[in-house]
Amino acid sequence: MDGFVTVSEETTAEYTEKRSRFIATLYPCDTEEKAAEFINKMRSEYWDARHNCFAYSVENGAVKRFSDDGEPHGTAGKPILEVIEGAGITNTVIVVTRYFGGVLLGTGGLVRAYTKAAKDAVDLSQRVLMTPCNVFSCSCSYSDRERLVKLIEDCGGTVEDTLYTAEVELKFYLSEEKSGEFLKKLCETFSARLTAEITETRLCPVKI
């Protein structure tokens, strides 16, 4: 199971060049279908714009597409894709919307403008490393919950869900390399009163 870098949420950046507005919207997606849905959403939102150019890299980088959407060939979609690749991210789509300002930018100017808009969105985004992780389940008393959560976070883990019944059941994940350290500290901290069970192993986001 190989890890990869992606983004965690939608991010927007805007750039103006000679009265033309370039609005770059970045979004995490892992399939072509999801990328297409987002591109159509942007086209609907910015229906009055001259161009909605895009590029995406999905399925962990196995599928890459781009479109100039009416701009001169090679001046928009490809530069956007090169920004995605240059940032080392995948499972990401970027749509750059252009409102024409009445002044022609030339092919070089268009490449620079689309590149800058896309790069600004990437620079503002929160990137995450999708890392092979063990997903754990652990039950504890209400009085132990705070200490257990702190231990999980101190070991680099993330709590995904908490169920409150007679006890507190936590669902959380840690990277495979940190799991052994966590289990050892869990035993030491709670004098072997608590045990954590691995329920699955999957790729999970870790902020970078």
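The values are calculated or read from the model by the stated rules, or taken from the named source; none is laboratory data. These numbers were taken from a predicted model, which means no experiment stands behind them. So basically every Cβ, Gly included, is an ideal-geometry build from the backbone, and we count neighbours across all protein chains shown. Calculation scope for accessible area: heavy atoms of the full protein, side chains included, ligands and nucleic acids excluded. Shrake-Rupley method; radii C 1.70, N 1.55, O 1.52, S 1.80 Å.
Structure values in brief
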{"read-out": "Cβ-isolated cysteines (cut-off 4.7 Å), the chain", "value": "Cys29, Cys53, Cys138, Cys140, Cys155, Cys187"}
{"read-out": "Highest-MSF residue in the chain out of Ser57, Ser139, Ser191 [GNM, Cα springs under 10 Å]", "value": "Ser191"}
{"read-out": "Contour excess over end-to-end distance, with Cα ends at Thr199 and Arg65 and 0.36 nm allotted per residue", "value": "44.6 nm"}
{"read-out": "Between 0 and 90°, nearest 10: helix 106-124 axis offset from the chain longest Cα axis", "value": "20"}
{"read-out": "The chain: calculated mean residue ellipticity at 222 nm from DSSP helix runs of at least 4, using -39500 (n - 2.57)", "value": "-10500 deg cm²/dmol"}
{"read-out": "Volume per residue that the Cα convex hull of region 1-122 spans, once the total is divided by residue count, Å³", "value": "87"}
{"read-out": "Whole-percent pair-distance distribution, where bins are 10 Å wide, for the alpha carbons of the chain", "value": "9, 30, 22, 16, 14, 8, 2, 0"}
{"read-out": "His73 versus Thr165: modelled label distance in nm, points set 7 Å from Cα along the beta carbon direction", "value": "6.4"}
{"read-out": "Carbon and sulfur %, accessible surface of region 99-208 computed with the full protein complex present, 1.4 Å", "value": "51"}
{"read-out": "Long-range lysine pairs (8 or more apart or interchain), the chain, Cα under 17 Å", "value": "10"}
{"read-out": "For region 99-182, convex hull volume per residue from C-alpha positions, Å³", "value": "147"}
{"read-out": "Listed residues Leu186, Leu124, Leu163, most fluctuating in the chain (Gaussian network, C-alpha, under 10 Å)", "value": "Leu163"}
{"read-out": "GNM result for the chain, Cα springs below 10 Å: residue of Thr11, Thr115, Thr107 fluctuating most strongly", "value": "Thr107"}
{"read-out": "1.4 Å probe accessible area per residue over the chain, in Å²", "value": "52"}
{"read-out": "Cα-based equivalent ellipsoid of region 78-129: semi-axis lengths in Å, sorted from largest, via gyration tensor", "value": "24, 11, 8"}
{"read-out": "Square roots of 5 times each gyration tensor eigenvalue, C-alpha, region 146-204, largest first, Å", "value": "17, 15, 10"}
